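S.K.: Have a look at this one before I ask anything.
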């Protein structure tokens, strides 16, 4: 068979695939009787009113000399760990803005970091394809650095994300550019389960995000460059429980809704979406209001404690606060005083929901808190 014939067949197959995808998308829309916003409006719900003084930048964490790529809060709410292109992990006291630890990493190209549930150790991963664990109580080495306490090796691609299993310092899940997620036993350094890879129900492109269900730690969701999110059960690694489609670009961020029955996604297509894990249906789409086709990428998302607010950061420096019920933007932190000057690459909410931390390519982190006497939403 000639090259020209192969190209012709490939073009025909691509057209057929795109046609089937479009028919599937239309069929899904027909099956949905309504969405969250339409139902909420029918019930007379009104949008939350947030003004420029309701969320204020109360702390600026400066110390990194490179782009900030990832951050995480401790469960006790007062400490943050951040990872930067400068090759360091920094642990911050969020109340005082002071650095408690500055950890020099074996690989400067770090992409993800996470605090353990006890707050005694941190994990990070990046282009070295290894997830490194650091015990914050370890004695310093001769160079004054905290040594690596465990290296989790086994991925065949970069480590894009990592998260400890809730209430368990000995287990951790990573996502990787090798299209898989892995559950690790940190005590032994061995892989407990591999999700995807040779299994047909796995991702077909890089895994770039994951989120563990806070209500049921056996369940987690992953987002991928294949434009899908997949739900997994750690007891059944051989296949994904469900695949969620709808995005037209990489799924850069996934986050479970507080009740554990839904999760949100953020994508390169400029939208955030809300999915129900029980029905597999898409409940709502949150589309960046920019009118042209060059909508900024969604880089990270988080929900408020009640789930009424969705925080979404974008590649153009915007950081929207969405009303999840009505799909309306109620505030843009990017327009407020002391906002970031570059791409907002990551964000996270404190355990009690009282503060939001954002990290940016401008090398800084900022902590936003509700001003006045507003109750936490």
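S.K.: Looking only at residues in segment 100-145 that are at pLDDT below 90 and touching a strand residue (DSSP E or B) at 6+ places or on another chain (Cβ under 6 Å), which one is farthest from residue 203 (Cα to Cα)?
M.R.: 145
S.K.: Related question: With segment 1-88 as the region, which strands (runs of 3 or more DSSP E) entirely inside it contain at least 1 residues that are surrounded by 11 or more Cβ atoms within 10 Å (Cβ to Cβ) and assigned by TED's automatic domain parsing to the domain that holds residue 354?
M.R.: 55-61
S.K.: Is it the case, given these coordinates, that residue 202 is buried (at least 18 other Cβ atoms within 10 Å of the Cβ) and either assigned to a loop (DSSP other than H, G, I, E, B) or not assigned by TED's automatic domain parsing to the domain that holds residue 227 (or both)?
M.R.: Yes: the conditions hold for residue 202.
S.K.: Here's something else I'd like to know. Can you tell me which of 273, 239, 235, 218 is surrounded by 20 or more Cβ atoms within 10 Å (Cβ to Cβ) and either outside the structural domain of residue 315 (by TED's automatic domain parsing) or modelled with pLDDT of 95 or more (or both)?
M.R.: None of the others qualify; the one that does is 273.
S.K.: Another question about this same structure. Need the failing condition index for residue 289 against (1) over 25 Å from residue 84 (Cβ atoms); (2) out of contact with any strand residue (DSSP E or B) (no Cβ under 7 Å at 6 or more places or on another chain), just the number.
M.R.: For residue 289, the exception is condition (2).
The values are calculated or read from the model by the stated rules, or taken from the named source; none is laboratory data. Predicted, not measured: the structure shown is a model, and the values here were computed from it. Virtual Cβ from ideal backbone geometry, glycine too; neighbours counted across all protein chains shown.
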